Structures are given as C-alpha cells and as structure tokens.
C-alpha cells in the first residue's frame, strides 16, 4: 500500500465523487473529439476517392470533381490543425472548455465543406445535407441547449445557403442529373420555401427531440452523481462510526487489562497466590472478550461491504500463502505442530483481490487447522492450478467436524461441542469471516471432514495476469 | 530516570501507566486533552511523551497533536510514543502500525497498542530515551 493511500484511508479522505465524474466527462469529451477527427479523415478519404472515381468516369451524372478535391484538401488541412490543437488541450490535463471551443470551430469548418459539397452535388438532388443532422445531434450532446440551437441554425443556413445563392443568381446552378425538377424548384417560390422550411423542420425537430432526451439523461446523471456522493459520504461515516465503536468497546478493556498488569506484576504490592491466579484469569478473559469484540466488528464490517467498496488488484497468491504459512508455523511450533507449505513449490499465481482480506481469510483457515489439531501432527497447505482456476487447500489431521454440523460451521458464533472441548477459547467468528471474504472475492469454499481424522478447507479463485 | 508526560483522556489508563512508570523510577506528568498543547508541553519540558490517539472531541486528535509538536522547533525532538486501543491489524481499513510512522502523517517515534505489557512499555521507553536515538 502506498503511503498516500494508507494516509488517506486513515483520515477518511477518500476523494470526492464529483471530481471523479468531472474527470470522466472530460475524458469522454476528449474521446469524442478524437472520434470526430477520425470521422473527418474518413470523409476526406471518401471525397478524394469520389473525385478520383469521377475523373476516371466511374460516377454517372455531371458532378464537378474539383469541388470534391477542394473539400478533401480543406477537411484534411483542418484535421491536421485540429489534431495539433487537440493534443495541446489534453496536456498536462484535459482542458474541457478549450475542447468545446475547438469543437465549435470544427463544426463551422464542416458546415463550410458540407455546403460546398451540397452545392457540387446539386443541393436538392443529394442526401448530403443529412450530414448536417449528425452535427446537430452531436451538438446537443456536447453543448447547452442554447449553444446547440445556435449550431442548429448554422447547420440550417449551411444546408440551404447553396440553393438560396443559386436562386438569387449569385452562384450558377449545378444539376447532376438531366432533370427538369431543379430548374422548377428554383423558379417556383413555393417549392423553394418548401425545401428551405422542410429542411429547417427536419433539423429543428431533430434538435428538439435529441436535446429533450439529452436533458433528461443529464438530469439522471446528475441524480446518480448525487446518490453516489451520498453513498460515499455514508461509507465514510460508517467507517468513522466503526472506528469509534471499536475504540469505545476496546478502550475500557484496555484500561482493565492495564490494571491487571499492574496487579500481576506487583506494582500494587505482592498478591497472595490465589489472588494472582484470579488476576491472571481476569486478564485472560479480558483478552478473549477483546478478541471477540474485534471479530464481531470486523465481521459486521465485512458483511456490509460490497464489491464496489473493494480496491482489488492482482495479488500474488503463492507469496501470500508462503507468508501466511510462515506466520502459522510460528504459532504452531509451541504446540509441536508442523505447518507444511506444499504451495511453495508451485509457480506464482495471481488472483484479483485485496491482499489484506486474503491474509485474514488464510490466517483464519491456518489458525483453525492449528487450533483443532493434536500435538505432533502436520497442517498441510497445497495449491492446485487447473486451467485458470486456482485452489488452495488447508488440511489438518485434527479432531474433525461431526457430519451433522458441517452445514453450520459458517454460521456466526456456532461451535460444535468437540471444538469447544478441544479449544474452549474460539470466537465462532473465524469461519463466518472466511465466508464473507470469499464472497467478496467470488471464491468458492469446499469443506470435507471426518470426525477424529481431520478436515480440509479448499478455497478456489479465478487466476488473473499479474499486470492487468 | 526520565520525566514522562502522559496525554490521554482515560483516567484509568493514566493511573495504571503512572503506577508502572513510577514503579520504574520515572517521573510522570499528566494532561487529559490536547488543548494548548505547545504551551503545556513547553511548561512541563518532558523527556518523552506518551500520547493517545482518540479523544472525545476528535478521533484523530493524537495525530494532530503529534504533527503540531513536530512543527515546533523546540519540541520536535521530544520522542513521542503513540498509544491506542485500536488494533494494529484491525483489518478494518483503519488499522495502523509502526510502518505508518512518517513525518507528514504519524510523526512519532513509536506506536504501541493498548493495553501494553509493562515490560514492553518500559523496554520501549528505554529504547526511545537512548542518547544515540535522541541525537538521530
């Protein structure tokens, strides 16, 4: 864990969701700008291909090829410039306002190119003005309603301007088909008005519908952001409350235990033998109670965690097991129990998870195996890898679990009679913790046991690449 | 022997620690909150401070106090032993240990979890008061 991460965890400063979503939106905008540039390269390519095809006589009608080649050069030159500006706006951090202004200029440039191509392909004889609608849709996604409306008006003017200029006689009429329809439209004011206002209706209805949907989506996004912010706050409050509860419950026992130490070690004068024994027992009981309180709080904390709360990363399971086995061996040694880690012979395997919680999981399993073993036997840890599935088995040769109790061992506070008789000080919370941690990691636990001969617990995970 | 200042809000912890420290020849002074910290510590002039982390008004008051002392040129060399009832390996996203000691976050000499075995406490204090350590 990095120092920064550790510190922020303790100070409950886990970042604010709004900065995260703002960052996400900026990256989304940058992606769209690049997408827009890519589309423009394609358009420039199509214009070039069309011009070349026309020169080769492959295109029917009377299309002036020069306009396509001019449009291709204009779009390509514009794109080179946009690429450079975009790159400068992404470093050192994404300049959202700059990207938006750039998008407006890109759209103006596109409108000029589209007008040119619309004119070249006979205005009302071509579907090219439909590409103005594409810009209107994108404008409603990136800009406010007012800005996108202004862009829609620009798109409308760009789409109808070639026809109006032809009608006014400013531009010579281009007709790509031998048809009387276009001259008729230019002569008939009603037909002209029908085209101009029909195109306007098409654009403004599109703008209205998409902007309505976009507004509704933005509202929902904002509500989701608020809800996420509230959940983050609640999560912080929950952790603070858990910390406070842990302290409030443990502090009195710490004080009692501190007095026990003073009595035990003679700081209050010598104690009779019986009193010394009672004091020792008070201390031991205190320890067990503190351990249980910690376990209860830890378990309740685990139960309220969901996958999204976890900060998972690839964990070297082989190394984690080796560390855990080494720790367990120290605990087992005084009881003349050997912890044998066969998993150390296996290749390094990674699983996606929290190293801290996985330590807790395997520490509980190995601790259980030791606690319920008899002196002189081995606790064995093995690892099996099949396809992408890795299974870790902790096996003891201890007292075993009665068959009728196998289904209850993951219940909170449950302890079978033979377990209590062998190891009276267990909390009955270790295996429920194992179950919760396995749940959070999507791991499967299997238990097999034979009374008087021992048990084995197998936890299976999906392995992952170390550098995902 | 050393003059030790205990800063803790729990009177029972203060009393029991006082018995242990005085029993080992140390002189003990007590402060039950972190208010007017610099003035109080300057007035007492301790050789070592035992500092609790969580206080009723602020669950992180101990950290804040340690940082305040560390910022003060006259007091920053007094070794601070941080003491808390919150488990070092609580696994609850807020556990901390000696490994968390750093000038910005936990500017103290050592961290010990309450309750502390008298022998461990006395040994730790002796280590912290070693002249070579003070020079460092």
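Taking the criterion of being within 27 Å of residue A:287 (Cα to Cα), within 14 Å of chain B (Cβ to nearest Cβ), surrounded by fewer than 20 Cβ atoms within 10 Å (Cβ to Cβ) and in contact with a strand residue (DSSP E or B) (Cβ under 6 Å, 6 or more places away or on another chain), would at least one residue in region A:361-370 satisfy it? Please lay out each step first, then the result.
Going residue by residue through region A:361-370, those that are within 27 Å of residue A:287 (Cα to Cα) are A:361-370.
The next check asks that each one be within 14 Å of chain B (Cβ to nearest Cβ); those that pass are A:361-364, A:367.
Going one step further and asking which of them are surrounded by fewer than 20 Cβ atoms within 10 Å (Cβ to Cβ), we end up with A:367.
Applying the additional criterion that residues be in contact with a strand residue (DSSP E or B) (Cβ under 6 Å, 6 or more places away or on another chain) yields none.
Taking every residue of region A:361-370 in turn, none turns out to be within 27 Å of residue A:287 (Cα to Cα), within 14 Å of chain B (Cβ to nearest Cβ), surrounded by fewer than 20 Cβ atoms within 10 Å (Cβ to Cβ) and in contact with a strand residue (DSSP E or B) (Cβ under 6 Å, 6 or more places away or on another chain).
Return the residues of region A:340-357 that are within 11 Å of another protein chain (Cβ to nearest Cβ) and within 19 Å of residue A:446 (Cα to Cα); say none if nothing qualifies.
A:357
Residues checked against (1) crowded, with 18+ Cβ neighbours inside 10 Å; (2) within 14 Å of chain A (Cβ to nearest Cβ); (3) modelled with pLDDT under 85:
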residue	(1), (2), (3)
B:67	no, yes, no
B:76	no, no, no
B:84	yes, yes, yes
B:87	yes, yes, yes
B:94	yes, yes, yes
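Output the number of the condition that residue A:401 fails; it satisfies all remaining conditions of (1) part of a loop (DSSP other than H, G, I, E, B); (2) surrounded by 13 or more Cβ atoms within 10 Å (Cβ to Cβ); (3) out of contact with any helix residue (DSSP H, G or I) (no Cβ under 8 Å at 6 or more places or on another chain).
Only one criterion is unmet by residue A:401, namely (3).
Go over the candidates A:21, A:88 one by one and state the one that is farther than 19 Å from residue A:131 by Cβ, in a helix (DSSP H, G or I) and at pLDDT 85 or above. If you could, list the steps in order and put the result at the bottom.
Numbers: A:21 fails: at pLDDT 85 or above.
Selected residue: A:88, the only one of A:21, A:88 that is farther than 19 Å from residue A:131 by Cβ, in a helix (DSSP H, G or I) and at pLDDT 85 or above.
Looking only at region A:108-138, which residues are over 15 Å from residue A:43 (Cα atoms), within 37 Å of the chain's Cα centre (by Cα) and modelled with pLDDT of 90 or more?
A:108, A:133, A:136, A:137
Collect the residues in region B:32-50 that are at pLDDT below 95, within 14 Å of residue B:14 (Cα to Cα) and not in a loop (DSSP other than H, G, I, E, B), keeping them in residue-number order.
none
Within region A:235-267, take every residue that is more than 7 Å from chain B (Cβ to nearest Cβ) and in contact with a helix residue (DSSP H, G or I) (Cβ under 6 Å, 6 or more places away or on another chain) and give me the one that is surrounded by the most Cβ atoms within 10 Å (Cβ to Cβ).
A:260
The values are calculated or read from the model by the stated rules, or taken from the named source; none is laboratory data. For clarity, every value in this text was computed on a predicted model and none was experimentally measured. Note: ideal-geometry Cβ built from the backbone for every residue, glycine included; neighbour counts use all protein chains shown.
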